[in-house]
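Laboratory data are not the source of any read-out in this text; all were calculated from the coordinates shown. In this text the structure is predicted, and so the values were computed from the model without any measurement. Cβ atoms come from the backbone with ideal geometry, glycine included; neighbour counts cover every protein chain shown.
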Amino acid sequence: MTIAEIQARVKEVGARKVVEEAITRARADAKHAVLEVIETRALKRADEVDAKLQKGENAGRLAGVPFLAKDNILTFDSKTTASSHMLENFEAPYQATVIEKLEAEGAICVGKTNLDAFAHGGSTENSYFGPTKNTYDDERVAGGSSGGSAVAVATGIVPFALGSDTGGSIRQPASYNGVVGLKPTYGSVSRYGVVAMASSTDVVGPITTSVEDARLVLDVIKGVDERDGTTIEIEPLLSTDKKLKIGVIRQCFGEGVDESVVRTTNETIEKLKAAGHTVDEVDLPTFRHALAVYYIVVPAELTSNLARYDGIKYGTQKDGADLTTVYEASRSAGFMDENKRRILIGNYVLSSGYYDAYYRKAQTVRTLIINEFNKAFSEHDILLSPTAPTPAFKLGENTGDPLQMYLADMMTVPASLAGVSAISVPAGTTETGLPVGVQLIAPMRQDSVVLSAAQQLEALC
Amino acid sequence: MSDQPTASRQKYIPTIGIECHVQLKTKTKLFSGANNDAREAEPNTTVSPICFGLPGTLPVLNKEAVRLAVRAGLALGASINRVSRFERKHYFYPDLPKGYQISQLAEPTVGPGVVTIRLGDGSEKSVRIHHAHIEEDAGKLTHPSGADYSLVDLNRAGTPLIEIVSEPDMHSSEEAKVYAQELYLLMTYAGVTHGDLYHGNMRFDVNVSVAKEGEPLGTRTETKNLNSFKAVERAVEFEIARQTKLLEKGEKIVQETRGWNEDRQQTFSQRSKENAHDYRYFPDADLPPIYLDDAFVDEVRSELPALPGVYRAAFKELGLDGSVVQSLLARRTYADMILDLQQVHGKQTATRAAHWLSSVVSDEVLVDTSSLTTETLAELSAMVEVNELSSTAAKEVLVEVVEHGGSPRAIAEQKNLLQVSDEGAVASVVDEVLANPANAKAVSDVKAGNDKVIGFLVGQVMKKSAGKANPALTQKIIREKLI
């Protein structure tokens, strides 16, 4: 279901009917993609859109289009839980900038989607409310952490959903569920009102069924926000069909990469060549070190960002004899095992005596990764890799093995650390019918290049 | 005391460094649009989602705070770093809503500087500033007595501060106190803070160690959150004595954070080094670096108000005592009025007014002097100049004008303080005094050429006229009559 199709339906039956239909689909969700339906506010807003349309007024570029937001994005008239026990009953007193921007263009938020608690994970199995199932196989994971958003779009509940991507959390579940997932340039979309994971890589982006829709949603949510000091303007999102110089990242193949993924990627490369694009291999020697860097830098940042959840002001509070006990009991109860694992790693790498060996070293390697990307972009318009080393794995397959779970991020974290624009486009399927995505990466601010390349690739697949 | 030989005490040299927190007087907080003036506000009313550390909130830097920090740096004679960055300092406490304080560590906005202090013996001394960094204040915690809970007020959370860190250049409690006073003058004159000590606008942490001369620095203690100059002086004194006593007994100093008990005038142990926080500082990715260019720094420099040094240079011409100058500087409105008088009415008027004001300042006769104007002072001075008022009477008139209003002349008349300069009127009092048999000896002494005794006779005339006779005129008439 594309945004254009929904817009046609709005024209036909009105926004209220379209929103009611989306809410009905959300309530019938069999995959546990949706955590909560927003009905009262959604219908009120739908009526407002209808009133405008009837009067012939401009109701916005997304008038009456229902969407879902990952439940780490603050919305009115719902809880914002981050899929955690800590925020199980948290109702936000303000809305995220991205939601405000979408509402200003007439889009209507009809609910919230499942994620790994506080976005820590790559399967949505770390949700306090239970996992989301893969669109194509109930025994397999949705991917994550934006698993609920990817499945909600793939199963046709809504034409688009918002996700957040810190190390692959939009792209990897998009790949696992056969939809488009865009991680825009770091800073291109406001993070205000998004439960923070890692401040230096978090970015909000759309999950859609088409590249065109991803472009439209990004165009609405992007831009400098005075409430987020890290926001920047990106280049205008113009579409071109210019032939591209594409670099395939050599380090993406080899150990740990599934044969079906290699095959699909190679087929994609052949299609691109046949369509007249120049494709060659490019070396990013530190590409595979990115995962190690990521699992130092990101835990450091997230341990800091989670320090506010202390049971004092809001969120889960457990009583104790003294202040320390209140902290310990509240945080022990409120966080999941994976949250605690990352908090421990983060505190360790920042602690006095270990900072230089871990955090500082990781930042140095991060600079190397950025330099390698810059060098590669001096000779290529776009870089290409698989989105994930494997198709969706089985539920429970990796839950006992965090390192194996982290490997699912290995293709996506380099772009996150570099802040560049990246997208996952459905490229094919395995023999058993599981989707496989291909990732395209363009320099910072050049989201238009990534989208144009993705659109050309989409037409070939 | 007698069994504590002074000689052994003198063997220990104290070394003192001071960290001073200054609240900047911005309209809004350091990272949010919430009102920064919470002095009269109900708890938790000058707050926003950012002050509460709600999920999803982000800090956005208040540019005015940077401007004031730069201004403070210039007042400290410090270099201004063209690139500075924010870092996060982590610890858990209910008054710290995010679980970290946004501060600066490796790259502060204000670099090294120097502050000159003036001691009681007239000597000057330089105290080097290591750096000054920008950071946010925490909220306030109160513990109602008898209650099994504490109350959190986040009004102050996010108030912009600069922390001025000195080098350990001070070696006595007097130096510490005078340094604190000088920082207060610099920061209030520079206009970066309201300087309301009662409300904690400036707070001092003193680091004190003692060691024998020629030996490496001793183990230091840090006594935190002192909010008066007197407390700074007393806390340093107490620590020097406490540490010296321990060392003399052969004991070791524990590196620790101490608090100040105002009632008992003692420091007390709060937290030892073993229990010290590991703050896990690291760069705050939510805030881009602060880039300052020369044009901005020059602009701030051009806006810098007159600092105490400007006043001190001007007052030098008046030949005022150091203590008079300090007491004038302590109330800037006074210093401004004297500077004004000096420029408009000349040195003599300014000097006279300076002495009046410094004595009323030190006597603390006048609490609210907001009604006092340079016109009043100039008028009073003119009356003294033409012998209409004695110096003493002028002070009395001044107090009355400030406390109840009115013109100096009207008050002087009403209080019957105007000097009698009518020659005939004074002469008749002189005649009475000279005719008094009790003064016969003095009269004959003066006639015999003992000039010194004239003063006695003048005093008698003054007494008789209830202080109103113009003393110079009186003397002139006595001379004419006797010599």
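Given the peptides A:350-360, A:5-15, B:91-101, A:303-313, arrange them by the average over their residues of other C-beta atoms within 10 Å, most packed first. Please report the intermediate quantities before stating the final value.
Working: A:350-360: 15.0, A:5-15: 17.4, B:91-101: 20.5, A:303-313: 23.3.
With the highest mean Cβ count within 10 Å placed first, the list reads A:303-313, B:91-101, A:5-15, A:350-360.
Holding the Cα-Cα limit at 32 Å, pick out from A:Lys318/B:Lys27; A:Lys340/B:Lys224; A:Lys340/B:Lys273 the pairs that are longer than that.
Numbers: A:Lys318/B:Lys27 38 Å; A:Lys340/B:Lys224 34 Å; A:Lys340/B:Lys273 27 Å.
With Cα atoms farther than 32 Å apart: A:Lys318/B:Lys27; A:Lys340/B:Lys224.
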Original post:
Around B:Phe282, which amide H atoms from residues at least 5 apart in sequence, or from another chain, sit under 5 Å from its own amide H, with H modelled in the peptide plane?
Top reply: B:Arg88
Subject >> the stretch B:306-405, relative contact order [Cα under 8 Å, separation at least 6], % >> reply: 24
**OP:** On each of the three principal axes of the Cα atoms of the stretch A:346-461, give max minus min coordinate, whole Å, ordered largest first.
**Re:** 53, 41, 17
Original post:
Under the rule of -39500 (n - 2.57) per DSSP H run of 4 or more residues, summed and divided by the residues of chain B, what mean residue ellipticity at 222 nm is obtained, to the nearest 500 deg cm²/dmol?
Top reply: -12000 deg cm²/dmol
Subject >> Farthest positive-ward along the protein assembly as shown dipole, Cα basis, beta-carbon charges - from A:Ala453, A:Val18, B:Leu141 >> reply: B:Leu141
Subject >> HN-Hα J in Hz across the stretch B:285-291 - Karplus 6.51, -1.76, 1.60, θ = phi - 60°, x for Gly and Pro >> reply: 6, 6, 10, x, x, 8, 9
Subject >> Relative contact order [Cα under 8 Å, 6+ residues apart], the stretch A:292-355, whole percent >> reply: 42
**OP:** Let me know the mean shielding of B:277-284 by other chains, meaning the per-residue number of their Cβ atoms within 10 Å of its Cβ.
**Re:** 6
Original post:
Which whole-number percentage describes the relative contact order of the stretch B:6-295, with Cα contacts under 8 Å and a sequence gap of 6 or more?
Top reply: 24
Original post:
What size of dipole, in debye to the nearest 20, comes out for chain B about its Cα centre when the only charges are +1 on Lys and Arg C-beta atoms and -1 on Asp and Glu C-beta atoms?
Top reply: 740
Subject >> Packing-based ranking, highest mean first, of B:259-269, A:80-90 given that Cβ atoms within 10 Å are counted >> reply: A:80-90, B:259-269
Subject >> In sequence order, calculated HN-Hα J values of the stretch B:136-141 (Karplus, 6.51, -1.76, 1.60; Hz; x Gly/Pro) >> reply: 9, 7, 9, x, 10, 10
Original post:
Using only the Cα atoms, what convex hull volume per residue in Å³ does the stretch B:145-230 have?
Top reply: 156
Original post:
So how do A:154-165, A:441-452 stack up, highest first, on mean other-Cβ count within 10 Å?
Top reply: A:154-165, A:441-452
Subject >> Whole-percent pair-distance distribution, where bins are 5 Å wide, for the alpha carbons of the stretch A:292-355 >> reply: 4, 19, 24, 22, 16, 10, 4, 1
Original post:
Relative to the Cα centre, what is the charge dipole magnitude of the protein assembly as shown, using +1 at the beta carbon of each Lys and Arg, -1 at the beta carbon of each Asp and Glu, and rounding to the nearest 20 debye?
Top reply: 1000
Original post:
Which of A:Lys31/A:Lys79; B:Lys415/B:Lys468; B:Lys395/B:Lys452 have a Cα-Cα distance over 23 Å?
Top reply: B:Lys395/B:Lys452
Original post:
Any number yet on Rg/Rh for the stretch A:183-287, C-alpha, Kirkwood?
Top reply: 1.04
**OP:** Using Cα positions and a limit of under 20 Å, work out the lysines in reach of B:Lys212, with same-chain residues fewer than 8 apart set aside.
**Re:** B:Lys11, B:Lys245, B:Lys249, B:Lys252
Original post:
Across peptide A:297-308, how many C-beta atoms of other chains are within 10 Å of each residue C-beta, on average?
Top reply: 5
**OP:** On a 0 to 90° scale, report how tilted helix B:423-435 is relative to the longest principal axis of chain B, with both axes built from alpha carbons and the result rounded to the nearest 10.
**Re:** 70
**OP:** Rounded to whole Å and ordered largest first, report the semi-axes of the equivalent ellipsoid of the protein assembly as shown derived from its Cα gyration tensor (root of 5λ).
**Re:** 75, 31, 25
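How big is the dipole moment of the stretch B:285-428 about its Cα centre under a simple scheme where the beta carbon of each Lys and Arg is +1, that of each Asp and Glu is -1, and everything else is neutral? Debye, nearest 20, please.
With only Lys, Arg, Asp and Glu charged at Cβ, the dipole is about 400 debye.
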Subject >> Principal-axis tilt of helix B:374-385 within chain B, Cα atoms, nearest 10 degrees >> reply: 30
**OP:** Have a look at A:Leu302, B:Val461, B:Ala412 and report the one farthest towards the positive end of the charge dipole of the protein assembly as shown, computed about the Cα centre with Cβ charges (Lys/Arg +1, Asp/Glu -1).
**Re:** B:Val461
Subject >> P(r), alpha carbons of the stretch B:370-483 - 10 Å bins starting at zero, rounded % >> reply: 14, 40, 24, 16, 6, 0
**OP:** Compare the Cα positions of B:Ile290, B:Leu307, B:Leu217 along the charge dipole of the stretch B:198-344 (+1 at Cβ of Lys, Arg; -1 at Cβ of Asp, Glu; about the Cα centre) and return the one farthest towards the positive end.
**Re:** B:Leu217
Original post:
Once phi is turned into ³J(HN,Hα) by the Karplus curve 6.51 cos²θ - 1.76 cosθ + 1.60 with θ = phi - 60°, what whole-Hz value does each residue of the stretch B:404-410 show in order, with x for glycine and proline?
Top reply: 10, x, x, 8, x, 5, 4
**OP:** Whole number please: convex hull volume per residue, Cα atoms of the stretch B:211-336, in Å³.
**Re:** 266
Original post:
Per the Debye formula with a single identical scatterer at each Cα and no solvent contribution, what log10 I(q)/I(0) holds for the stretch A:19-122 at q = 0.16, 0.20 Å⁻¹?
Top reply: -0.69, -1.00
Original post:
Can you give the average number of partner chain beta-carbon atoms within 10 Å of each beta-carbon in peptide A:318-331, as a whole number?
Top reply: 1
Original post:
Ratio of the stretch B:6-295's C-alpha Rg to 2.2 N^0.38 Å, to two decimals?
Top reply: 1.03
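Could you state, as a whole-number percent, how many of the C-alpha pairs of chain A are farther apart than 29 Å?
43
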**OP:** Could you pull out every residue, at least 5 positions away or on a different chain, whose amide H is within less than 5 Å of the one on A:Lys318? Hs are placed 1.01 Å off N in the peptide plane, and Pro or chain starts have none.
**Re:** A:Ser330
